[in-house]
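Participant: Got a structure here, written out as structure tokens. Questions coming.
The values are calculated or read from the model by the stated rules, or taken from the named source; none is laboratory data. Computed from a prediction, not measured in an experiment: that's the story for all the values here. Neighbour counts are summed over all protein chains in view; Cβ atoms, including those assigned to glycine, are modelled from backbone coordinates with ideal geometry.
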Amino acid sequence: MNSTMPKIHLFGLILTLVIFTQSVDAATLIDNFANFQTTTNTANGPANVSGSDLNNLQRTLNASPTPGGTTRIFVEDGLLTVGNSSSSTGTASIYYSFDAIDFTTFANALALTTESSDATYQIQMIANGTSILSIQNLASVAIGSPSTIKFDFSQFSNPAAFKNLNSLELKLRGTNAAWDADFSNLTTVPEPSVTALLIIGALGIASGRRQKALTV
């Protein structure tokens, strides 16, 4: 009786910590691309975005084609769709403004999911208008095989910008003309929390006690 009670209490504590960690350590949603917005060869916005974990989020789209071509941006039903005509290798820009927040208290990176891309493409991010993530060259993604790319704060020219962040811009560009791609779920990547470390420690204690019991 006495030997089983500590185990019950310990695993009850672990279960409580797991449930608490799941609620605390979830990724912060910036944009799930559910709010309709579109533009072709021009700017559209700022438009209010609902459903974000950030306060007062507004989104501005800016499609900048190369001369004589067409660049479009389409947001609807959970997808950000960008594309160029056969005569354009233009840039699609998605600019966000929101109430200032310290991202470093709950995250260490940003993440964007590519649902499909029919050619290699480039992405660049700019935090607070000055902290720049240099151009990243990314591979094409087949339909039905989504790929989530993580961008660490440390990759930006001034990571300290994330301590008081109030704007973020994504720039997307296909490396070939007639490029089309779909994206979903712009989020943060959560920091490992103290709670998670406590869980690991508790599991270690449980394992140690089990090993001791087996050797007695």
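Yes or no, residue by residue, for (1) within 21 Å of residue 51 (Cα to Cα); (2) surrounded by fewer than 21 Cβ atoms within 10 Å (Cβ to Cβ):
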position: 71; (1), (2): no, no
position: 82; (1), (2): no, no
position: 91; (1), (2): no, yes
position: 95; (1), (2): yes, yes
position: 101; (1), (2): yes, yes
position: 114; (1), (2): yes, no
position: 118; (1), (2): no, yes
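Participant: Still on this structure: Of (1) part of a strand (DSSP E or B); (2) free of Cβ contacts under 8 Å to residues at least 40 places away in the same chain; (3) over 27 Å from residue 165 (Cα atoms), residue 63 satisfies all except one. Which?
Facilitator: The number of the failed condition is (3).
Participant: Is it the case, given these coordinates, that residue 167 is polar (S, T, N, Q) and farther than 19 Å from residue 30 by Cβ? Spell out the reasoning first.
Facilitator: Values: polar (S, T, N, Q): yes; farther than 19 Å from residue 30 by Cβ: no.
So residue 167 does not fit the description; no.
Participant: So which residues in the stretch 119-135 are modelled with pLDDT of 95 or more and either among the basic types (Lys, Arg) or out of contact with any Lys or Arg (no Cβ under 9 Å at 6 or more places or on another chain) (or both), if there are any at all?
Facilitator: 127, 128, 129, 130, 131, 132, 133, 134
Participant: Taking the stretch 28-43, which residues are part of a strand (DSSP E or B) and either free of Cβ contacts under 8 Å to residues at least 24 places away in the same chain or among the hydrophobic types (A, V, I, L, M, F, W, C) (or both)?
Facilitator: Applying the first criterion (part of a strand (DSSP E or B)) to the stretch 28-43 yields 29-31, 37-40, 43.
Hits for the stretch 28-43 are 29, 30, 43.
Participant: Tally up the residues in the stretch 51-71 that are within 25 Å of residue 87 (Cβ to Cβ) and not polar (S, T, N, Q), please.
Facilitator: So the count comes out to 6.
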